[in-house]
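These notes concern the structure reproduced below.
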Amino acid sequence: MDDTRTIPADSALPGWLSGLPLGWQPYAMLARWDRPVGIWLLYLPCLIGLAFQRLITGVYVFDLVWAILFLLGAVAMRGAGCTWNDITDRNFDASVSRTALRPLPSGAVTLKQAYYFLGAQLLIGFTVWLLLPLDAKFVALLSIPLVVAYPYMKRVTWWPQAWLGLTFNWGVLVGAAVASHVSFPVIVLYAGLILWTIAYDTIYALQDREDDALIGVRSTARLFGKRAVLISFCFHLGAAALIALAAAMNEAGRIGALTALLFLAHGVWQSVRLKSSREQAALAVFKSNVWAGALVAFGFALSAMAPEPTQSSLFADHELVPDGPPSTMSLPFGFEMKHARPSPSESGETWFASAALRALKREGVIGPDEGAPSAP
């Protein structure tokens, strides 16, 4: 085969892809291993969910094992999802210039071979699933209908990006279930990440608007038209607000608030970059969302490792002083001064004066009346 014919022009790792044996190249393209951005965007929500629930319990060393398993699962299931997407979209892909060289429409892989490869990836994903806790197993299984239905959404709705958000961010629920359970703050966080996915996948779809219009494929990029950049930023804004709300509900503290602010700042940068390039930088801006997701995962993990002391009020609490004179007073170097109960005649004297006068009277240093105040 001619490498220049089989390697797509928009491959993120063309050198790595061309270095593989010729028989492996079509399968690597089918699973999008030469485009690792999708793997990261599927993997990061798992880490975010795990780190988010660790805000309550703190980080465990064994979490490194979960992180590795999540990565293996993300590579396998993202590859399986892309393979399934190419199987269902093989006729559409043949009509779009950017996707015409994919393995199925180009004939590099037969439909039967694609199904075999899909099964092999699902087997790896199933192995990872077996190692999850029981609650996480049930949560992970619920994502299967979302994965199966996603390729058809672009044919029946203008919002396939929203369905992708439901699917790609399901890992946040799995990560939370591995750490403890799926709480209401986790649901709020999941909703925020769905808005984020709508934003970045709208940006990704800007590349295909013309081809999608010709073949009848629907997308939010087509739906929003000339306002696509502005509306995608609005989704970034909503995502940042929900991430901040979830962080506050889980007591992420100042680090959680700063994480949400930096995430929003990255969304602002994306919009400015798209407008200044007249949407020509859509692919580069889309890829930068890996850093946005990594920022959220790192921020929550850092907050879990460095929890802030609980503060019940914005103001300092009043010091509570017990009623009556104290019985003892601590002195430097471990010494302590005891205070005997004053007699009725000494009840008006200060603590220090009464203690000193009694000591002097006991030692005979002063007479009984020498320390009394003189009459006016």
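The values are calculated or read from the model by the stated rules, or taken from the named source; none is laboratory data. Keep in mind it's a predicted model, so treat the numbers as computed, not measured. All Cβ positions, glycine included, derive from the backbone under ideal geometry; neighbour counts span all protein chains shown.
For the residues 140, 177, the requirement of being over 27 Å from residue 208 (Cβ atoms), without any contact (Cβ under 8 Å) to a residue 40 or more places away in the chain and buried (at least 19 other Cβ atoms within 10 Å of the Cβ) singles out 140. Mind checking which residues of segment 237-256 are under 17 Å from residue 169 (Cα atoms) and more than 14 Å from the chain's Cα centre (by Cα)? Selection gives 238 alone.
Restricted to segment 141-159, and to residues there that are assigned to a helix (DSSP H, G or I) and among the aromatic types (Phe, Trp, Tyr), the residue that is nearest to residue 79 (Cα to Cα) is 150.
Based on this model, can you work out whether residue 10 counts as at pLDDT below 90 and closer than 27 Å to residue 145 by Cβ? For residue 10, the condition - at pLDDT below 90 and closer than 27 Å to residue 145 by Cβ - is not met. Selection of segment 165-202 for residues being in contact with a Ser or Thr (Cβ under 6 Å, 6 or more places away or on another chain) and in a helix (DSSP H, G or I) yields 165, 168, 199, 202.
Per the conditions (1) free of Cβ contacts under 8 Å to residues at least 60 places away in the same chain; (2) outside any helix (DSSP H, G or I), the sole criterion not satisfied by residue 125 is (2).
When residues in segment 57-90 are screened for being surrounded by fewer than 19 Cβ atoms within 10 Å (Cβ to Cβ), of a type outside the set (A, V, I, L, M, F, W, C) and either part of a loop (DSSP other than H, G, I, E, B) or without any contact (Cβ under 8 Å) to a residue 12 or more places away in the chain (or both), 2 of them pass. Only a single criterion out of (1) without any contact (Cβ under 8 Å) to a residue 12 or more places away in the chain; (2) among the small types (Gly, Ala, Ser); (3) under 24 Å from residue 83 (Cα atoms) is not satisfied by residue 165, namely (1). The condition (being modelled with pLDDT of 95 or more and not acidic (Asp, Glu)) is satisfied by just one residue among 214, 264: 264. From the list 252, 199, 247, 260, the one residue that fits, being of a type in the set (Gly, Ala, Ser) and either under 24 Å from residue 277 (Cα atoms) or touching a strand residue (DSSP E or B) at 6+ places or on another chain (Cβ under 9 Å) (or both), is 199. Going by the structure shown, is residue 280 without any contact (Cβ under 8 Å) to a residue 40 or more places away in the chain, within 26 Å of residue 36 (Cα to Cα) and polar (S, T, N, Q)? Yes: the conditions hold for residue 280.
You will find that of 268, 272, 290, the residue that is closer than 18 Å to residue 44 by Cα and among the aliphatic types (A, V, I, L, M) is 290 and no other.
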